[in-house]
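Notes to accompany the following structure.
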Amino acid sequence: MTTPSELLKSRFGFDDFRGGQLETIEILLAGRSAAAIFPTGSGKSLCYQLTALLLPGLTLVVSPLLALMKDQIDSLQAKAIRAERLDSSLTEEKYRAVSSAIRNGELKMLFVSPERLTNERFLNLIRGQQISLLAVDEAHCISAWGHNFRPDYLKLAKAVESLNVERVLALTATATPKVSDDMATAFGIQPADVINTGFHRPNLEFRVTECHGHEREKLLIQRLKERPPGATIVYVHLQKDAENIAKTLRDNGFNAAPYHAGLKPDTRVATQEQFMAGGLPIICATIAFGMGVDKADIRYVYHYHLAKGFESYLQETGRAGRDGAPAICELFACADDRTTLENFVYGDTPDAANIATLVDELLDAGDAIDVTARELSNGHDIRPLVVSTLLTHLELFGVIAFDGYYYSDIRFEAHKTGAEILASYSEKQATFLRKLFTCGKKARKWITLDMDAAIERAGQPRDVILRAFDSLQEKRFITLQMSGYRQRFNRLTQAVDRGELTAKLAALFNQHEQLEIDRIDAMGAYATEDTCLTNRLLTYFGEPIGRCGHCGVCLGDVPAAPLPRNAPPVDLSVLDEIDELARKHPAALGQARQQARFLCGLNSPAISGRRALRGDRLFNRCAHVPFKKLLEQLETR
């Protein structure tokens with residue numbers, strides 16, 4: 001039998017494992033679940049890639065990052081390893097090809113998003129396959145104490161059980177001890193099987209420069225001129241900042257380009273490829289850039305704006321110096337940045353009144369609840385991700401139980417006559433399909449299936465019927481289209497004190513809000529740290545080291561005195577104007593928090609759905625006013 005070391009050299013071209021890799025692989029090969037907490041760029045992905053080749057069946061890789069999936073799959077396929085992905089960007093033809101490969105046991109690795117594991121079509125496809133390993137990337141998202149909690153991650157633990165997954169590998173680069181415990185508990189990982197190689201990167205030189213906002217441009221240009229050239233990332237908060245700073249650098253003779261989610265996909269890809277190849281030395285980016293970027297020789301990471309927390313900062317600076325050579329990570333710390341960061345946090349927190357109306361809608365729906373997050377979002381002015389989090393909390397409270405996603409609209413185009421299709425099946429199968437075909441309503445081209453009628457007439461559950469239609473498509477007898485993606489829940493109890501439930505939910509969101517504000521406060525304090533910067537970062541992750549000897553403070557930088565935040569007073573005339581606007585748009589601006597969001601320039605579902613509001617001169621009028629200060633004035637008028 002091939003050993004891990006032999007496979008490492010023959011298939012991946014490496015002579016030696018990095019720290020923690022072999023230990024993690026051996027745990028998995030022994031049949032146990034594991035967690036790998038390695039710094040960014042330390043080779044977490046090899047742990048499941050190599051293990052997958054030594055296990056029978058399929059390795060399922062869950063990742064929230066489509067770009068990362070594509071890059072890894074390209075690399076694996078270049079090594080003649082059968083790996084594919086299933087996501088919404090695939091054509092129907094490609095989806096059929098990947099589905100066929102899964103059914104035929106031809107794949108070793110399949111990459112999907114966490115949401116895919118609640119998709120009824122996917123679950124029908126994957127159920128019954130031998131899933132030897134489930135690798136969960138960004139596994140810290142499962143913890144409500146983490147910096148990027150995602151409710152869909154909580155459902156992964158249930159999927160492990162329902163799909164008979166044999167072992168799990170939880171992967172992350174940023175886990176505090178509390179988050180690490182949550183990951184291990186969720187996936188049944190024993191404490192001894194949590195492999196944490198530590199976060200210390202001795203080659204990274206951390207520096208902080210306290211400054212006013214208007215000084216940063218000059219500081220950045222000065223740093224770029226005085227330091228030896230090298231691949232550089234400049235991280236900013238907003239898309240417009242990426243554009244403006246890249247232009248300023250070009251105007252000053254530097255080859256720089258912006259990168260953010262608002263660019264066309266082709267432009268983003270071309271910019272990233274040029275940077276990776278060394279043709280573009282400086283990239284000015286929002287945090288949309290960096291996930292899965294495996295460039296070893298990045299010499300500088302500048303944070304033009306304050307990072308939103310130590311987790312984000314460690315992950316983003318961790319992209320520097322992966323080749324082991326010295327690299328500098330410098331933060332330009334301006335107290336005014338806290339306003340922008342805080343406003344985003346406060347803007348996400350739903351108003352208790354909106355939580356109450358959403359709870360009422362769900363509980364008034366009866367025992368069977370049929371919803372979409374977007375409908376609830378638009379109906380109650382709560383962002384879709386926050387709605388999903390709210391629904392997850394209701395599940396955890398035992399009020400409702402998730403019963404799966406389903407497609408409300410199912411239609412197909414037949415490429416042969418009914419008689420020709422049925423002739424390819426046994427008498428029993430043909431009888432079953434004939435019943436299904438009689439439940440379709442034919443238009444000129446497409447036949448729309450009445451699923452309720454099909455279930456009743458065929459006497460089979462929904463998943464069996466869907467598998468039948470997937471099989472017809474695989475044989476190219478039909479083209480299947482599914483749309484109208486909805487969620488089903490069952491109400492578990494009638495005895496619900498709605499006021500108490502609403503208060504409990506509001507308290508949870510307020511608690512999460514405070515956690516995020518605490519993270520921002522910690523970054524603000526870091527900016528004026530008078531002891532070792534590296535130690536301050538590592539202590540947060542449970543790994544104090546004393547003095548590193550190579551950060552700015554250890555090298556003799558004099559700690560800066562805290563600079564005051566520019567927090568202008570609220571223009572009282574604005575409060576009168578927002579009152580008048582709220583009378584015209586009560587659904588969008590009836591609550592004080594809604595008004596504060598609007599004045600701070602933060603979009604919400606209600607605002608996005610009203611063109612007149614999006615262009616109103618009051619929108620973003622108080623962008624430099626701290627959200628909490630503005631909200632207090634709106635609430636106490």
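The values are calculated or read from the model by the stated rules, or taken from the named source; none is laboratory data. Keep in mind that this is a model prediction, so the values were computed, not measured. Because the Cβ atoms are built from the backbone with ideal geometry, glycine has one as well, and the counts that use them run over all protein chains shown.
Take the conditions closer than 29 Å to residue 177 by Cα, among the small types (Gly, Ala, Ser), at pLDDT 85 or above and assigned to a helix (DSSP H, G or I) and apply them to residue 35. Does it pass?
no
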Quiz item: For residue 30, are the conditions met, namely being more than 28 Å from the chain's Cα centre (by Cα), assigned by TED's automatic domain parsing to the domain that holds residue 166 and free of Cβ contacts under 8 Å to residues at least 40 places away in the same chain?
Solution: yes
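Just to be sure I understand, how many residues within the range 431-449 are assigned to a helix (DSSP H, G or I) and at pLDDT below 90? Let's see the steps before the verdict.
Just the residues of the range 431-449 that are assigned to a helix (DSSP H, G or I), to begin with: 431-437.
Checking which are at pLDDT below 90 leaves us with none.
Of the residues in the range 431-449, 0 are assigned to a helix (DSSP H, G or I) and at pLDDT below 90.
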Practice problem: May I ask you to list pairs of residues, at least six apart or on different chains, whose Cβ atoms are under 9 Å apart, with the first in the range 424-447 being in contact (Cβ under 8 Å) with a residue 40 or more places away in the chain and assigned by TED's automatic domain parsing to the domain that holds residue 461 and the second being surrounded by 13 or more Cβ atoms within 10 Å (Cβ to Cβ) and assigned to a helix (DSSP H, G or I)? | Solution: 424/430
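For the range 297-335, what are the residues that are assigned to a loop (DSSP other than H, G, I, E, B) and aliphatic (A, V, I, L, M)?
Step one: filter the range 297-335 for residues assigned to a loop (DSSP other than H, G, I, E, B), giving 297, 304-309, 318-326, 334-335.
Of everything in the range 297-335, those that are assigned to a loop (DSSP other than H, G, I, E, B) and aliphatic (A, V, I, L, M) turn out to be 306, 307, 320, 325, 335.
Confirm whether residue 3 is free of Cβ contacts under 8 Å to residues at least 12 places away in the same chain and farther than 30 Å from residue 483 by Cβ. Let's see the steps before the verdict.
On the way: free of Cβ contacts under 8 Å to residues at least 12 places away in the same chain: yes; farther than 30 Å from residue 483 by Cβ: yes.
Judged against the criteria, residue 3 is a match.
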Exercise. Looking only at the range 526-547, count how many residues are under 27 Å from the mean Cα position of the chain (by Cα) and among the small types (Gly, Ala, Ser).
Key: 1
Exercise. Collect the residues in the range 474-500 that are surrounded by 15 or more Cβ atoms within 10 Å (Cβ to Cβ) and within 32 Å of the chain's Cα centre (by Cα), keeping them in residue-number order.
Key: 474, 479, 480, 481, 482, 485, 486, 487, 488, 489, 491
Exercise. Would you check which residues across the range 443-458 are basic (Lys, Arg) and in contact with a strand residue (DSSP E or B) (Cβ under 8 Å, 6 or more places away or on another chain) and list them?
Key: 445
Quiz item: Which residues, counting only those in the range 125-143, are surrounded by fewer than 18 Cβ atoms within 10 Å (Cβ to Cβ) and either in a helix (DSSP H, G or I) or in contact with a helix residue (DSSP H, G or I) (Cβ under 9 Å, 6 or more places away or on another chain) (or both)?
Solution: 127, 129
Quiz prompt | Leading residue by the ranking (nearest to residue 214 (Cα to Cα)) among those in the range 334-351 that are of a type in the set (A, V, I, L, M, F, W, C) and crowded, with 17+ Cβ neighbours inside 10 Å | solution = 334
Quiz item: Filter the range 4-35 for residues that are touching a helix residue (DSSP H, G or I) at 6+ places or on another chain (Cβ under 9 Å) and within 24 Å of residue 298 (Cα to Cα); which is surrounded by the most Cβ atoms within 10 Å (Cβ to Cβ)?
Solution: 21
Quiz item: How about the range 405-430: which of its residues are out of contact with any strand residue (DSSP E or B) (no Cβ under 9 Å at 6 or more places or on another chain) and either among the small types (Gly, Ala, Ser) or assigned to a strand (DSSP E or B) (or both)?
Solution: 418, 419, 423, 424, 426, 430
Exercise. Quickly run through the range 537-572 and pick out the residues that are among the β-branched types (Val, Ile, Thr), surrounded by 12 or more Cβ atoms within 10 Å (Cβ to Cβ) and out of contact with any Leu (no Cβ under 7 Å at 6 or more places or on another chain).
Key: 539
Exercise. With the checklist (1) over 18 Å from residue 312 (Cα atoms); (2) touching a residue at least 24 places away in the same chain (Cβ under 8 Å); (3) aliphatic (A, V, I, L, M) in hand, flag the one item residue 261 doesn't pass.
Key: (1)
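Taking the criterion of being of a type in the set (S, T, N, Q), buried (at least 20 other Cβ atoms within 10 Å of the Cβ) and outside any strand (DSSP E or B), would at least one residue in the range 361-378 satisfy it? Step through it out loud before you land on a result.
Pass one, the range 361-378, residues of a type in the set (S, T, N, Q): 372, 377-378.
Right, trim to buried (at least 20 other Cβ atoms within 10 Å of the Cβ) and you get 377.
Of the ones still in play, those that are also outside any strand (DSSP E or B) are 377.
Within the range 361-378 (the criterion being of a type in the set (S, T, N, Q), buried (at least 20 other Cβ atoms within 10 Å of the Cβ) and outside any strand (DSSP E or B)), the answer is yes, since at least one residue qualifies.
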